[in-house]
Amino acid sequence: MPRVSAILAREGLIEPDGDMPQDHVPGDITREPLEFPMARDIRLQALSRGDEGFLLALGYSTQRGYARNHPFVGEVRIGEVELELDVPELPFAAPLGSVRVTECQMVNQFKGSAKAPPQFTRGYGLVFGQSERKAMAMALCDRALRATELGEDVVAAAQDEEFVISHSDNVQATGFVEHLKLPHYVDFQAELDLVRRMRAEHDTRENAGKAEEKREAAE
Amino acid sequence: MTDIATYNFAYLDEQTKRMIRRAILKGIAIPGYQVPFASREMPMPYGWGTGGVQVTASIIGPEDVLKVIDQGADDTTNAVSIRAFFKKVANVAVTTETAKATIIQTRHRIPEHPLTSGQVLVYQVPIPEPLRFLEPRETETRKMHALEEYGLMHVKLYEDIARHGRIATTYAYPVKVEGRYVMDPSPTPKFDNPKMHRSPALQLFGAGREKRIYALPPFTDVVSLDFEDHPFEVQTFDQPCALCAAENVYLDEVILDDHGGHMFVCSDTDHCEKRREQGHRGHLAPETPLALEKTEPAQ
Amino acid sequence: MDIATQAIEGGFADPVFDAQTVFRAVMDAMARPGTLQPLPVFARPPAPLSATAGAIALALCDNDTPLWLDPALQAPATVKSWLGFHTGAPPANTPADAHFALIATPAEMMSLDGFSQGTQDYPDRSTTLILQVSDLVSGTPLLLEGPGIETTATIAPAQMPRHFVEQWKQNNQRFPRGVDIVLASPDGVTCLPRTTRIKTMEA
């Protein structure tokens, strides 16, 4: 099935699909630790696994003017993709099954910059399951995160790669917030001791100051 | 044994263990440097010790005896769960006795009983980057470590002195390792910092969510950052442990009633129990000694 | 025995526990430079790859770790196919791409700085060299100091690389970059991490 964006591409009005260099080996965020700044394939993987609520809020923030990028939904589609396994000993790829995914091609107006001519640009979203909202939110975030690549000023949270990607994984986020309910009494004891000491010193200074004032008033 | 059959030994698959083992070796070779590793999702939330658990799972063998503590105690929820996890997936012997353990996984404390050669202390680390609260960006902090540019940290500590008359960091107190890398000791109270210096034990640090492993080989210089006119000091307590009368140990304040009445007791439960077994008694010690959990052999 | 059989036989009898034992020996050796961590024979690789070096490769290498072989190990097809079958490690295109290098004849090896040294940002991205030595007593005595060593340690590994002490000094100077060395002797494993400083003991 041809993509809607391909029709615009025929007129030369939209940027090409953003192919990685020929010798680029796609990264795998499940097998390599993240490193900043990251290539777009890695960034898209991280966004794909990102928390829907987080991406939704960030995407929404771009619509409200925090790094607005004038989005139009070029296409949203839902389908099944087949998963294949390459076994070196076999002459063919072994099919494992299929996964339902939702894809969004966002078409964004772009007036051009020092780095790129005026044209439509793309934001891309691909998410597991049937979730148009998350696919669209991801496409908005992807486009915002391309700011540096397209020569735009980085002015808002949604454009900040390290901020967005470091906080998009909801398994990490939920774990770290919830770990606050584990005991922390050892570190708290250390802080308690410090605050008590500083408070005592503060009170001593205050009292000394007041005593001084009284003496001066009496004189 | 049926439980074991459902998992590979120590839960992780062999390729993951190899990847973590390689990171551990690099960590030992570059003391204090944070080695990035491809941390896996574990059957527990990030922030609950996934880094420590992955390190322990990668080094542990059937002959090991494991101790797990949280806040110095063997009976806190995180410690109990992780100990039970390894009993289940590795079928190893577990203990609460510091001296009997070959591997000690810890959250927030270093045991009071001196560690010995051959023991491995595995720390659970939430934020491995000592510069993170001064500079949130990894791109920047990595550069600072590369260039050994730690001025920002000294400025922060100095501002503390200017404002509060002292360095206002009481736990996760930064250290310099072998005169090169500034390292986060994990959120242990600074009381424990001197125990890291030239310890005969191997110390491994695992941060699962942040995907970093680092290490201190035995007999490695670990110096807490300070200034000549404001030397590093550990916490001191005005009174001994209310249960075992220990001095020069780290104490927790336990609330006794609704009016703020409290007592100070050892945070290291094994240390406290051992002392009470030896007959040491604090002013609030109960009449009869507590029933103690002993070493449990592997089934 | 044909090549295919030689490539398949001689791996770990019990991969999970053998790998753990070998790793633990390497970890302890890396943490306590200069100590010999004894290892029983776990692997029977084709010559000239030694049992100890072979076992270390099985414990640490896989398809994520490009592996470089010195000419002595490059020569027989059996070594390559044995390592390929048991570890899946791809051959490194150059020594500078290698995560691990296996060296059967250290006395003839290329200089240490030809391997990956890591970067100032990522000093961990360096080559770990696994050197086969016949013993730790018949070579030039080396006095070791540094992290992991309480005071000093002494080893005298045989067949070490030419100008090793001088090369090692340069390796120290590159810190935090630099290579780490694992010495595989018939009795076990001994390590020289990049932090270890060497003093010769010749009068």
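Tabulated data for the structure shown
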{"quantity": "Unmet requirement for A:Ile29, which otherwise passes all of (1) within 14 Å of chain B (Cβ to nearest Cβ); (2) part of a helix (DSSP H, G or I); (3) not charged (D, E, K, R)", "calculated": "(2)"}
{"quantity": "B:Glu253 being more than 14 Å from chain C (Cβ to nearest Cβ) and free of Cβ contacts under 8 Å to residues at least 12 places away in the same chain", "calculated": "yes"}
{"quantity": "Qualifying residue in segment A:95-111 (condition: under 25 Å from A:Arg10 (Cα atoms) and exposed (fewer than 12 other Cβ atoms within 10 Å of the Cβ))", "calculated": "yes"}
{"quantity": "Among (1) outside any loop (DSSP other than H, G, I, E, B); (2) closer than 23 Å to A:Ala46 by Cα - the single one A:Thr148 does not satisfy", "calculated": "(1)"}
{"quantity": "Exclusive hit being within 12 Å of another protein chain (Cβ to nearest Cβ) and among the acidic types (Asp, Glu), set B:Asp74, B:Asp64", "calculated": "B:Asp64"}
{"quantity": "Within segment C:178-196, considering residues that are buried (at least 16 other Cβ atoms within 10 Å of the Cβ) and among the charged types (D, E, K, R), the one farthest from the chain's Cα centre (by Cα)", "calculated": "C:Arg194"}
{"quantity": "Options B:Tyr7, B:Tyr33, B:Tyr46; residue that is out of contact with any Leu (no Cβ under 9 Å at 6 or more places or on another chain), of a type in the set (Ser, Thr, Tyr), touching a residue at least 12 places away in the same chain (Cβ under 8 Å) and under 18 Å from C:Asp14 (Cβ atoms)", "calculated": "B:Tyr7"}
{"quantity": "Filtered residues of segment B:47-67 (kept if out of contact with any Phe, Trp or Tyr (no Cβ under 6 Å at 6 or more places or on another chain) and either hydrophobic (A, V, I, L, M, F, W, C) or in a loop (DSSP other than H, G, I, E, B) (or both))", "calculated": "B:Trp48, B:Gly49, B:Val53, B:Val55, B:Ile59, B:Ile60, B:Gly61, B:Pro62, B:Glu63, B:Asp64, B:Val65"}
{"quantity": "Matching option when the condition is surrounded by fewer than 16 Cβ atoms within 10 Å (Cβ to Cβ), farther than 30 Å from B:Ala207 by Cβ and in the same structural domain as A:Ser48 (by TED's automatic domain parsing), among A:Gly123, A:Gly129", "calculated": "A:Gly129"}
{"quantity": "Any hit, segment B:81-97, residues being within 14 Å of chain A (Cβ to nearest Cβ) and not small (Gly, Ala, Ser)", "calculated": "yes"}
{"quantity": "Number of the exception - A:Pro88 against (1) of a type outside the set (A, V, I, L, M, F, W, C); (2) surrounded by fewer than 15 Cβ atoms within 10 Å (Cβ to Cβ); (3) modelled with pLDDT of 95 or more", "calculated": "(3)"}
{"quantity": "Unique residue being charged (D, E, K, R), touching a Ser or Thr at 6+ places or on another chain (Cβ under 6 Å) and under 30 Å from C:Pro33 (Cα atoms) when the list is B:Asp74, B:Asp64", "calculated": "B:Asp64"}
{"quantity": "Some residue of segment B:116-124 being at pLDDT below 95, buried (at least 19 other Cβ atoms within 10 Å of the Cβ) and within 14 Å of chain A (Cβ to nearest Cβ)", "calculated": "no"}
{"quantity": "Test: residue in segment A:10-22 that is at pLDDT below 90, touching a strand residue (DSSP E or B) at 6+ places or on another chain (Cβ under 6 Å) and surrounded by 14 or more Cβ atoms within 10 Å (Cβ to Cβ)", "calculated": "yes"}
{"quantity": "Positions within segment B:59-106 being on the phi > 0 side of the Ramachandran plot and crowded, with 21+ Cβ neighbours inside 10 Å, in sequence order", "calculated": "B:Gln71, B:Gly72"}
{"quantity": "Number of positions in segment C:5-39 that are in a loop (DSSP other than H, G, I, E, B) and within 14 Å of chain B (Cβ to nearest Cβ)", "calculated": "8"}
{"quantity": "Filtered residue count, segment B:12-34, keeping only those that are small (Gly, Ala, Ser) and not in a helix (DSSP H, G or I)", "calculated": "1"}
{"quantity": "Listing of helices (runs of 4 or more DSSP H) fully contained in segment B:125-244 that carry 1 or more residues being within 11 Å of chain A (Cβ to nearest Cβ) and at negative phi", "calculated": "B:138-147, B:151-164"}
{"quantity": "Members of segment B:133-145 that are within 17 Å of A:Pro33 (Cβ to Cβ) and without any contact (Cβ under 8 Å) to a residue 24 or more places away in the chain", "calculated": "B:Arg137, B:Glu138, B:Thr139, B:Thr141, B:Arg142"}
{"quantity": "Residue within segment A:158-172 that is free of Cβ contacts under 8 Å to residues at least 40 places away in the same chain, of a type in the set (Val, Ile, Thr) and not assigned by TED's automatic domain parsing to the domain that holds A:Ala57 present", "calculated": "no"}
{"quantity": "Any hit, segment B:56-72, residues being small (Gly, Ala, Ser) and closer than 20 Å to A:Thr30 by Cα", "calculated": "yes"}
{"quantity": "Strands (runs of 3 or more DSSP E) wholly inside segment C:71-177 that include at least 2 residues being crowded, with 16+ Cβ neighbours inside 10 Å and at pLDDT below 95", "calculated": "none"}
{"quantity": "Selected residue [closer than 24 Å to B:Ile213 by Cα and among the charged types (D, E, K, R)] from C:Asp97, C:Asp113", "calculated": "C:Asp97"}
{"quantity": "Single condition C:Leu49 does not satisfy, out of (1) in contact with a Phe, Trp or Tyr (Cβ under 8 Å, 6 or more places away or on another chain); (2) in contact (Cβ under 8 Å) with a residue 24 or more places away in the chain; (3) within 14 Å of chain B (Cβ to nearest Cβ)", "calculated": "(3)"}
{"quantity": "Any hit, segment A:140-163, residues being within 37 Å of the chain's Cα centre (by Cα), surrounded by 15 or more Cβ atoms within 10 Å (Cβ to Cβ) and hydroxyl-bearing (Ser, Thr, Tyr)", "calculated": "no"}
{"quantity": "From A:Ala46, A:Ala67, residue being among the hydrophobic types (A, V, I, L, M, F, W, C) and modelled with pLDDT of 95 or more", "calculated": "A:Ala46"}
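Table: residues versus (1) over 21 Å from the mean Cα position of the chain (by Cα); (2) within 14 Å of chain A (Cβ to nearest Cβ); (3) at pLDDT 95 or above.
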{"residue": "B:Met1", "(1), (2), (3)": "yes, no, no"}
{"residue": "B:Thr6", "(1), (2), (3)": "yes, no, no"}
{"residue": "B:Tyr11", "(1), (2), (3)": "yes, no, yes"}
{"residue": "B:Arg21", "(1), (2), (3)": "no, no, yes"}
{"residue": "B:Leu25", "(1), (2), (3)": "no, no, yes"}
{"residue": "B:Val35", "(1), (2), (3)": "no, yes, yes"}
{"residue": "B:Met42", "(1), (2), (3)": "no, yes, no"}
{"residue": "B:Gly47", "(1), (2), (3)": "no, yes, no"}
{"residue": "B:Val53", "(1), (2), (3)": "no, yes, yes"}
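The values are calculated or read from the model by the stated rules, or taken from the named source; none is laboratory data. Model, not experiment: these values are computed from the prediction. As a convention, Cβ positions derive from the backbone with ideal geometry for all residues, glycine included, and neighbour counts pool all protein chains shown.
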